[in-house]
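> I'd like to ask you about the structure that follows.
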Amino acid sequence: MSQQVEGGELSKASQAAAESPMPAAADAPLLDVVGLKTYFFTSGGVVKAVDGVSLSVRRGETLGVVGESGCGKSVTALSVMRLVPDPPGRIVAGRIDFVGRGDLAGANAKTMREIRGNEISMIFQEPMTSLNPVFRVGTQIAEAIRLHRQVSKKEAMDRAIEMLGSVGIPSPAGRARDYPHQLSGGMRQRVMIAMAMACQPRLLLADEPTTALDVTVQAQILDLMNRMKEVSGAAIMLITHDMGVIAEMCQRVSVMYAGVVVEHTDVRTLFANPLHPYTVGLLDSIPRGRRRAGEKGPLKTIPGIVPNLLRLPQGCRFQDRCSQVHDACRQAEPPLAPAAPGEDGGDDGGHLVRCWLHVSPPETRNEGPAIR
Amino acid sequence: MLSHPRFDAGDALAILTLRNLRKHFPVKKGVLSRSTEWVKAVDGVDLSVRQGETLGLVGESGCGKSTLGKLITRLEDASGGEIEFEGRDTLSLKGAALRELRRQIQTIFQDPYSSLNPRMTAFEIIEEPLRVHGVASKAERRTRVFELLETVGIRREYGSRYPHEFSGGQRQRIGIARAIALNPKLIVCDEPVSALDVSIQAQIINLLENLQKEFGLTYLFISHDLSVVEHISDRIAIMYLGQIVELAESAAFYAQAYHPYSEALLSASPIPDPTAPRQRIILKGDLPSPIDIPSGCRFHMRCPYAVEKCRVDPMPPLEEIVPGRWVRCWRAAEIHGLSSGAAGTTAPASRS
């Protein structure tokens with residue numbers, strides 16, 4: 001499955017994205033999150049922001065994590081980085097296996113300091129709030145390098161300037177002396193990427209990296225991320241709400257809803273043959289090209305709003321918004337399981353869905369995440 | 001401005017016409033606050049909005065699209081130019097006449113979290129315009145507010161709730177109810193769905209379309225999202241550094257953009273289809289500062305087609321190069337094979 005996804009099939013799907021170097025042993029995931037639960041203990045009750053998430057990122061690939069606000073996609077990434085504010089947040093269950101480092105969910109603070117910014121880096125939506133306003137950007141990148149590498153200040157600064165050049169910042173030596181407020185939004189995001197890639201991480205977590213940017217600048221940054229991925233061989237977990245960005249950047253996609261993954265497959269299958277009613281609704285509510293395709297009338301919508309994470313319904317989390325809801329949905333929550341044979345449109349066994357319409361009934365199968 | 005005959009786009013249908021409209025903000029420096037520089041947020045806009053249509057106004061942040069919306073609603077005073085609404089000049093309106101204009105032109109704002117007063121209930125928020133304009137008695141207002149709540153799809157008993165008790169989509173519905181309360185003719189929708197999730201966005205777009213049909217509304221729909229604008233607009237205007245660079249029928253525009261900036265914008269917008277061919281035009285550099293506007297064509301430094309003429313000649317005019325399609329580019333006709341081309345040069349000069 002992995003060979004098929006990473007080889008021929010995707011070079012057609014996303015030309016720029018698929019040209020990354022593929023190590024021969026690409027089947028073992030770099031990051032394997034299994035049954036992750038991150039809860040927030042608030043005065044109003046326990047918010048189950050991440051409630052049993054399983055997903056994996058393979059070497060050199062871009063995994064898309066897509067979902068609407070509050071679905072838990074950012075908290076998943078923060079959990080991997082162990083940056084969930086505690087209190088009120090806490091990882092209460094699950095594993096975060098990172099190749100060579102074991103389970104990050106139980107790793108101590110020292111180990112995490114070694115990993116953060118070094119083996120796993122993260123870039124955020126709003127670069128202005130994640131850069132320190134009172135230090136020059138070159139100094140900030142050099143600091144990140146000196147934290148993980150035994151180099152002199154001079155060497156670190158040289159490396160910082162080299163990184164600024166590699167992310168397409170003109171006259172990098174001069175820009176390294178700028179403060180964040182002197183740069184445009186696109187330039188600041190380039191600085192963030194330079195900082196994230198400075199120690200050649202194996203995994204980059206990108207949380208809505210282009211959401212705050214204009215569309216022409218977004219195109220520049222997505223292009224840059226793909227080029228950096230090719231050069232470094234790093235894998236990317238790209239969190240976004242934008243199906244257009246998913247289609248352009250990712251090889252495989254996990255769709256999240258209300259704290260769980262509801263569907264997982266390769267990007268072409270997701271768009272061509274979505275199975276979960278939520279994924280179908282999400283794709284149908286995109287207005288792009290509907291008029292051109294001759295479609296008249298109103299957009300399709302998903303009725304209602306996401307459930308309150310303090311008071312999740314019994315059974316399927318999507319039941320109140322689903323047009324195909326039936327008795328089974330109200331009784332028990334479906335597992336994330338392989339779609340019934342013949343339904344998944346190729347990529348056999350790799351199409352996972354959390355819906356009673358598409359998985360075998362509860363008694364014939366054993367519960368639990370089945371990510372591979 | 002140069003080559004500036006009175007703009008009318010041949011529009012007998014126009015409800016709103018803007019001619020050479022300008023808004024320059026002073027940049028204050030030093031204790032004496034003498035302004036030596038100006039932010040030219042809107043700098044010579046020609047545009048017409050037709051009765052009953054949705055005109056999509058698209059541009060990147062800082063291009064002046066929101067300022068343009070505020071000029072139309074007279075929330076900002078123009079530095080020059082003309083605004084004509086239903087055949088009357090609006091820039092000179094004062095007092096009662098201005099209040100009447102504001103009744104007829106309403107706004108729906110982007111952020112339903114900051115545009116609703118958190119200390120007022122939904123009922124009070126929607127009632128306020130009716131009260132301010134003194135259009136009805138208390139009892140009539142009550143009936144009207146309940147009717148409006150129903151129109152936008154909010155249960156009337158929720159009228160006593162405060163904004164924080166509603167979701168983002170519901171808040172935007174309240175903002176819409178407030179905007180239509182006075183039966184306006186034109187609504188300036190300033191990024192009304194940008195803050196909403198996709199599934200909620202679709203609900204609000206459908207609501208806006210239904211209201212347009214029901215009440216014969218005209219929309220100026222400001223957005224940076226080409227995918228939403230394609231769906232909702234009859235015509236589309238592309239704005240760059242304070243000016244309109246292209247104005248066209250929506251369907252024709254999405255089939256082929258004529259201005260090089262529009263073309264790049266369209267190609268940069270991600271397509272939600274992994275099998276679609278990708279031919280992204282990646283523009284170099286950032287939007288120039290509206291304080292320090294480049295001479296010549298404002299787009300020439302980022303334009304893949306720029307030639308000497310684009311750099312040295314004054315700004316190109318907004319010209320109708322095919323019927324219904326207005327483009328501000330010296331080379332558009334030539335590039336798209338419509339004429340021999342006046343630029344005097346042939347090959348696109350790459351600045352990379």
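The values are calculated or read from the model by the stated rules, or taken from the named source; none is laboratory data. Just so it is clear, the model here is predicted, and its values are computed rather than measured. Please note: Cβ atoms are built from the backbone with ideal geometry, for glycine as well, and neighbour counts cover all protein chains shown. Heads up: the accessible areas ignore ligands, DNA and RNA and are worked out on the full protein's heavy atoms, side chains in. Shrake-Rupley method; radii C 1.70, N 1.55, O 1.52, S 1.80 Å.
> With +1 on each Lys and Arg Cβ and -1 on each Asp and Glu Cβ, and nothing else charged, work out how big the dipole of segment B:228-292 is about its Cα centre, in Debye to the nearest 20.
On the way: 4 positive and 8 negative charges, 41 e Å.
Using Cβ point charges on Lys, Arg, Asp and Glu, segment B:228-292 gives about 200 debye.
> Another question, then. Take B:Val132, project a point 7 Å from its Cα along the Cβ direction, then tell me which residues of segment B:173-205 have their backbone nitrogen under 15 Å from it.
Under 15 Å, as judged by backbone N against the label point of B:Val132, lie B:175-184, B:188 of segment B:173-205.
> Which one of B:Ser233, B:Ile282, B:Tyr219 is farthest out on the positive end of the charge dipole of segment B:142-288, using unit charges on Cβ (Lys, Arg +1; Asp, Glu -1) and the Cα centre as origin?
Farthest towards the positive pole: B:Tyr219.
> Rounded to the nearest 5, what % of DSSP beta bridges with both residues in the protein assembly as shown are antiparallel?
Of those bridges, close to 60 percent are antiparallel.
> Rg/Rh for the protein assembly as shown: what does it come to with C-alpha atoms and Rh from Kirkwood? Don't jump to the answer; show the numbers that get you there.
Details: Rg = 26.9 Å, Rh = 27.7 Å.
Rg/Rh for the protein assembly as shown comes to 0.97.
> Checking the a/c ratio against 1.5 first, then a/b against b/c, what shape does the Cα gyration tensor give for chain B?
Verdict is prolate for chain B.
> Treating only the Cβ atoms of Lys and Arg (+1) and Asp and Glu (-1) as charged, compute the dipole magnitude of segment B:95-159 about its Cα centre; round to the nearest 20 debye. Each step should come with its number before you reach the end.
On the way: 11 positive and 9 negative charges, 40 e Å.
Around 200 debye, computed over segment B:95-159.
> Cα gyration tensor of segment B:42-135, axes a ≥ b ≥ c as square roots of the eigenvalues: rounded (a/c below 1.5), prolate (a/b > b/c) or oblate?
oblate
> Summing -39500 (n - 2.57) over the DSSP H runs of n ≥ 4 in the protein assembly as shown and dividing by its residue number, what mean residue ellipticity at 222 nm do you reach, to the nearest 500 deg cm²/dmol?
-8500 deg cm²/dmol
> For segment B:83-207, I need the span (max minus min coordinate) of the C-alpha atoms along each principal axis, in Å, sorted largest to smallest.
41, 35, 24
> Here is a follow-up. For labels at A:Ser184 and B:Glu37 in the simple 7 Å Cα→Cβ model, what's the distance in nm?
Label at A:Ser184, label at B:Glu37, 1.5 nm between them.
> Can you return the aspartates and glutamates within cross-link range of A:Lys154? Criterion is Cα-Cα under 13 Å, with same-chain partners fewer than 8 residues away left out.
A:Glu143, A:Glu162
> Moving on to the next point. Roughly how many debye, to the nearest 20, is the charge dipole of the protein assembly as shown about its Cα centre, given +1 on each Lys and Arg Cβ, -1 on each Asp and Glu Cβ, and no other charges?
Details: 84 positive and 81 negative charges, 384 e Å.
Rounded to the nearest 20 debye, it is 1840 debye.
> In addition: How many percent of the accessible area of the protein assembly as shown is carbon or sulfur, using a 1.4 Å probe?
On the way: 15270 of 29790 Å².
Result for the protein assembly as shown: 51 percent of the exposed heavy-atom area is carbon or sulfur.
> Moving to a separate point now. Might you tell me the accessible area per residue for chain A, computed with a 1.4 Å probe and given in Å²?
Working: 14930 Å² over 372 residues.
Value returned for chain A: 40 Å² of accessible area per residue.
> Return the residues of segment B:243-278 for which accessible area with all protein chains present is lower than in the chain on its own by 10 Å² or more; set the probe to 1.4 Å and exclude ligands, DNA and RNA.
Residues meeting the cut-off: B:Tyr254, B:Leu265, B:Leu266, B:Ala268, B:Ser269, B:Pro270, B:Ile271, B:Pro272, B:Pro274, B:Thr275, B:Arg278.
> Answer with one residue from A:Ser166, A:Tyr257, A:Val34: the one whose Cα lies farthest towards the positive end of the charge dipole of chain A, charges on Cβ with Lys, Arg +1 and Asp, Glu -1.
A:Ser166
> Something else about it: With the cut-off at 1.5 for a/c, could you classify segment B:231-316 from its C-alpha gyration tensor as rounded, prolate or oblate?
Since a/c reaches 1.5 and a/b is larger than b/c, the shape of segment B:231-316 is classed as prolate.
> What is the helix-to-structure angle for B:168-180, meaning the angle in degrees between its Cα long axis and the longest Cα principal axis of chain B, kept from 0 to 90 and rounded to the nearest 10?
Approximately 90 degrees, to the nearest 10.
> Just to be sure I understand: if you take the accessible area of chain A alone plus chain B alone and subtract the pair, with a 1.4 Å probe, what total do you get in Å², rounded to 100?
So the total buried area for this chain pair works out to about 3600 Å².
> OK, next. Could you pull out every Cys in chain B that lacks a partner Cys with its beta carbon under 4.7 Å away?
So, B:Cys63, B:Cys189, B:Cys303, B:Cys329.
> Within straight cross-link reach of A:Lys48, meaning Cα distance under 17 Å, which aspartates and glutamates are found once same-chain residues fewer than 8 apart are removed?
A:Glu68, A:Asp86, A:Glu333
> Give the cysteines in chain A for which no other Cys Cβ lies under 4.7 Å away, or write none if there are none.
A:Cys71, A:Cys199, A:Cys250, A:Cys322, A:Cys355
> In degrees, nearest 10, range 0 to 90: what is the angle between the Cα axis of helix B:198-215 and the longest Cα principal axis of chain B?
With rounding to tens, the tilt is 80 degrees.
> Next up: Compare the Cα positions of A:Gly100, A:Met197, B:Ala257 along the charge dipole of the protein assembly as shown (+1 at Cβ of Lys, Arg; -1 at Cβ of Asp, Glu; about the Cα centre) and return the one farthest towards the positive end.
Toward the positive end, the furthest listed residue is A:Met197.
> Next question. Spelling out what I want: for every residue of segment A:222-235, take phi, set θ = phi - 60°, compute 6.51 cos²θ - 1.76 cosθ + 1.60 (Karplus), and round to whole Hz; glycine and proline get x.
4, 4, 4, 4, 5, 5, 5, 5, 4, 5, 8, x, 5, 8
> Averaged per residue, what accessible surface does chain B expose to a 1.4 Å probe, in Å²?
In whole numbers, chain B has 42 Å² accessible per residue.
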